[in-house]
1. Within the range 15-32, take every residue that is among the aliphatic types (A, V, I, L, M) and either without any contact (Cβ under 8 Å) to a residue 40 or more places away in the chain or farther than 18 Å from I127 by Cα (or both) and give me the one that is surrounded by the most Cβ atoms within 10 Å (Cβ to Cβ).
2. Does the range 155-168 contain any residue that is within 15 Å of the chain's Cα centre (by Cα), closer than 22 Å to L22 by Cα and not basic (K, R)?
3. For the range 9-24: of the residues being hydroxyl-bearing (S, T, Y) and assigned to a strand (DSSP E or B), which is farthest from D148 (Cα to Cα)?
4. For the list (1) free of Cβ contacts under 8 Å to residues at least 40 places away in the same chain; (2) within 22 Å of V136 (Cβ to Cβ), I need the number of the one condition that Q70 fails.
5. Need pairs with beta-carbon distance below 6 Å; first residue in contact (Cβ under 8 Å) with a residue 24 or more places away in the chain and more than 17 Å from M73 (Cα to Cα) and within the range 104-119, second in a helix (DSSP H, G or I) and of a type in the set (D, E); sequence gap 6+ or separate chains.
6. Return yes when I108 is touching a Gly at 6+ places or on another chain (Cβ under 6 Å) and either surrounded by 14 or more Cβ atoms within 10 Å (Cβ to Cβ) or under 16 Å from P24 (Cβ atoms) (or both) and no when it is not.
7. Output the residue which, of all residues in the range 125-142 that are in contact with a helix residue (DSSP H, G or I) (Cβ under 8 Å, 6 or more places away or on another chain) and either without any contact (Cβ under 8 Å) to a residue 60 or more places away in the chain or in a loop (DSSP other than H, G, I, E, B) (or both), is farthest from E103 (Cα to Cα).
Amino acid sequence: MSVVPPHATETVTLPDGTAVTLRPIRPDDVPRLQALHSRLSPETIYLRFLGMHPTLFDKEAEKLANVDYQTRMALVATRTEQEEESLIGVARYAVTGPERPGEAEVAIVIEDQYQGQGLGTLLVDRIMAYARAHGVRIFFMEVNAENDRILHFVRRSGLPTEKVFREGVWEIRVKIS
């Protein structure tokens, strides 16, 4: 059992004044992950999962919430209202395998009402720094050709990238080191 790294927790304020906590995911986040998924628009789900994925099933949510904090890591953005914590965003990486220990697949999703406020950038910056500290040098992602936000983010990052277009999906490798 891996221990959640407590030093990775911070509070930020979004441009609209919303206070958000960024922290590592925990195994008890399973129901919060499912609740976040249920609040996502069909378009956001489609762009994140490259297809329709209307339900985040228990087994899938359990796998996503249980990481080893080294080769598999996720940071979540949370809001607390009336003493109830809810997830509003997730950024994660998973090392692609022992044959490529320095390469990890990365994914991010932000609840629709919080998109466009810089929360995705904050999460990606934090997950990238964390990944670097754990030996990851390349992020790999598959991005729907219609996902202008992510494509713009990758271009704007200024990081060296390689892109290949296949069947409506960009396969992007970003050097993060």
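1. Among residues in the range 15-32 that are among the aliphatic types (A, V, I, L, M) and either without any contact (Cβ under 8 Å) to a residue 40 or more places away in the chain or farther than 18 Å from I127 by Cα (or both), the one surrounded by the most Cβ atoms within 10 Å (Cβ to Cβ) is V30.
2. Checked the range 155-168: no residue is within 15 Å of the chain's Cα centre (by Cα), closer than 22 Å to L22 by Cα and not basic (K, R).
3. Going through the qualifying residues, I end up with T11.
4. Only one criterion in (1) free of Cβ contacts under 8 Å to residues at least 40 places away in the same chain; (2) within 22 Å of V136 (Cβ to Cβ) is unmet by Q70, namely (1).
5. none
6. When the stated conditions are applied, I108 passes them.
7. Step by step, filter the range 125-142, then rank; the result is M141.
Let's see how each residue does on (1) out of contact with any Asp or Glu (no Cβ under 6 Å at 6 or more places or on another chain); (2) surrounded by 16 or more Cβ atoms within 10 Å (Cβ to Cβ):
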| residue | (1), (2) |
| --- | --- |
| T78 | no, yes |
| L87 | yes, yes |
| P101 | yes, no |
| L151 | yes, yes |
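Values in this text are rule-based calculations from the coordinates and carry no lab data. All values reported here derive from a predicted model rather than from experimental measurement. We place every Cβ from the backbone using ideal geometry, glycine too, and count neighbours over all the protein chains shown.
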